[in-house]
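Please read the structure below before turning to the comments.
The values are calculated or read from the model by the stated rules, or taken from the named source; none is laboratory data. All values derive from a computational prediction rather than experimental measurement. Glycine also receives a Cβ, built like all others from the backbone with ideal geometry; neighbour counts cover every protein chain displayed. Remember, those area values only see protein heavy atoms, side chains included, never the ligands or the DNA or RNA. Shrake-Rupley method; radii C 1.70, N 1.55, O 1.52, S 1.80 Å.
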Amino acid sequence: MVTTPPEEVSVSAGGSREGAASSRPALVVTGASEGIGLAIASVFAAKTGHPVMMIARRSEPLEAAARTIADRHGVTTIPLSLDITRADASQIIATTLAANGLHAEILINNAGVGLGGEFAGHSEAAIANLVDLNVRALTLLTRHFLTGMLARRSGGIINIGSLGGFAPGPYQAAYYASKAYVASLTRALSDETAGRGVRLCVVTPGPVETAFHARMGANESFYRKLMPAMAADAVARATWRGWRMGFRVIHPGLFTPVLALTMRILPWMLLVPIVGWLLQKRYASNT
Ligand SMILES: NC(=O)c1ccc[n+]([C@@H]2O[C@H](COP(=O)([O-])OP(=O)(O)OC[C@H]3O[C@@H](n4cnc5c(N)ncnc54)[C@H](OP(=O)(O)O)[C@@H]3O)[C@@H](O)[C@H]2O)c1
């Protein structure tokens, strides 16, 4: 069943132990209309049976994705067309959940954007959008919903980082830095909240076959030719397994843990030029 969000409802923010008694647990997935977010929404909905709130900006693909998951897994889906960089995004999400008698049991902060090419060549607007989405929105949603989870002593947050969070990334500098932030924030909060009934974990995929790379013009980089890309479904299944096993860091696939370890061991004076070599746009068009 696909339900439609109401126009306007008033409710308090992250939730409380009392509020949870009368509401049902739900999954909240940002960037759920395609790619990794859609795959995670599908796997987590199937495994938990919880209603899933699916968030993205463009309503048509989002509603189609919500119908597919509802039909396939027999769960309630709530497509919410929302730009999560809006200042009131957390409030809108909480309000829509409450209007459906739900609270956020698992928040999956997946929506993210890349930016390929020389840093100095990017517009200020593009950099601001990356920081707003990958850093600011993720942090504020984490803060907002973590309070309710702590009050209920239940649930958790899965932040989608990247293998790129383990090293500086010349030619995707702001993106790699944003993912280092995601890893650092999540690891710190998982420690800070240990033993209080909630879990936080960060997922660190290497390349995944989605439209993400084309969107930032990175298909012209060597890494797209030289590094195998995982399927989004495989990342989602690995995320579920890692979450169930209580991992704080989930490296999906066989290749990613090896690369993550290598990136930790190699001194940056060797690692950073190699990463830059892989990320620099190469081909004749180079637009
Ligand atoms: N693909 C990879 O190789 C890879 C590797 C490591 C980590 N990751 C990370 O995994 C996450 C998902 O990547 P992906 O490859 O699945 O990306 P994608 O295919 O480009 O999908 C991005 C999703 O986010 C939504 N979105 C974008 N901006 C938004 C906004 N302001 N508000 C709400 N929703 C927004 C998009 O829908 P709308 O455009 O309609 O809003 C879409 O549903 C990102 O955090 C990315 O950094 C990706």
_Which listed residue is modelled with pLDDT of 95 or more, over 16 Å from the mean Cα position of the chain (by Cα) and under 16 Å from L107 (Cα atoms), from G242, G197_ = G197
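To keep it simple, each residue is scored yes or no on (1) in contact with a helix residue (DSSP H, G or I) (Cβ under 8 Å, 6 or more places away or on another chain); (2) over 23 Å from A120 (Cα atoms); (3) open to solvent by less than 20 Å² (accessible area, probe 1.4 Å).
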{"residue": "D191", "(1), (2), (3)": "no, yes, no"}
{"residue": "G206", "(1), (2), (3)": "yes, yes, yes"}
{"residue": "S221", "(1), (2), (3)": "yes, no, yes"}
{"residue": "R241", "(1), (2), (3)": "no, yes, no"}
{"residue": "L270", "(1), (2), (3)": "no, yes, no"}
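Among L185, L163, which is the only one that is more than 21 Å from L254 (Cα to Cα) and touching a helix residue (DSSP H, G or I) at 6+ places or on another chain (Cβ under 7 Å)?
On the way: L163 fails: more than 21 Å from L254 (Cα to Cα).
Exactly one of L185, L163 is more than 21 Å from L254 (Cα to Cα) and touching a helix residue (DSSP H, G or I) at 6+ places or on another chain (Cβ under 7 Å), namely L185.
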_Filter result for T186 (open to solvent by less than 10 Å² (accessible area, probe 1.4 Å), under 17 Å from the mean Cα position of the chain (by Cα) and among the hydroxyl-bearing types (S, T, Y))_ = yes
*Can we say A174 is aliphatic (A, V, I, L, M), out of contact with any strand residue (DSSP E or B) (no Cβ under 9 Å at 6 or more places or on another chain) and open to solvent by less than 30 Å² (accessible area, probe 1.4 Å)?*
yes
*Looking at region 56-68, is at least one residue in contact (Cβ under 8 Å) with a residue 12 or more places away in the chain, surrounded by fewer than 24 Cβ atoms within 10 Å (Cβ to Cβ), within 14 Å of the ligand (Cβ to nearest atom) and on the phi > 0 side of the Ramachandran plot?*
no
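State all residues of region 145-171 that are among the polar types (S, T, N, Q) and surrounded by fewer than 20 Cβ atoms within 10 Å (Cβ to Cβ); if no residue qualifies, say none. Steps first, answer last, please.
First, pick out the residues of region 145-171 that are among the polar types (S, T, N, Q): 147, 154, 159, 162.
Answer for region 145-171, where residues must be among the polar types (S, T, N, Q) and surrounded by fewer than 20 Cβ atoms within 10 Å (Cβ to Cβ): T147, S154.
Looking at P170, P205, which is the one that is touching a Gly at 6+ places or on another chain (Cβ under 8 Å) and over 23 Å from A32 (Cα atoms)?
None of the other options fit; the residue is P170.
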_Answer from A99, A66 - the residue that is more than 19 Å from I40 (Cβ to Cβ) and not charged (D, E, K, R)_ = A99
*Pick from region 203-230 the residues that are without any contact (Cβ under 8 Å) to a residue 24 or more places away in the chain and among the aliphatic types (A, V, I, L, M): which of them is nearest to S190 (Cα to Cα)?*
A229
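Mind checking which residues of region 190-208 are away from the ligand (no atom under 11 Å from the Cβ) and under 10 Å from R248 (Cβ atoms)? Reasoning before the result, please.
Initially, region 190-208 is screened for residues away from the ligand (no atom under 11 Å from the Cβ), giving 190-201.
Answer for region 190-208, where residues must be away from the ligand (no atom under 11 Å from the Cβ) and under 10 Å from R248 (Cβ atoms): S190, D191, A194, R199, L200, C201.
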*How do the pairs read when you match residues in region 75-93 that are among the polar types (S, T, N, Q) with residues anywhere that are assigned to a strand (DSSP E or B) and within 9 Å of the ligand (Cβ to nearest atom), using Cβ under 9 Å and keeping only pairs 6 or more apart or on different chains?*
T77/M54; S81/I55; S81/A56
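How about region 69-96: which of its residues are charged (D, E, K, R) and under 19 Å from A46 (Cβ atoms)?
Taking region 69-96 as the starting set, the residues that turn out to be charged (D, E, K, R) are 71-72, 83, 86, 88.
Residues satisfying the conditions are D71, R72.
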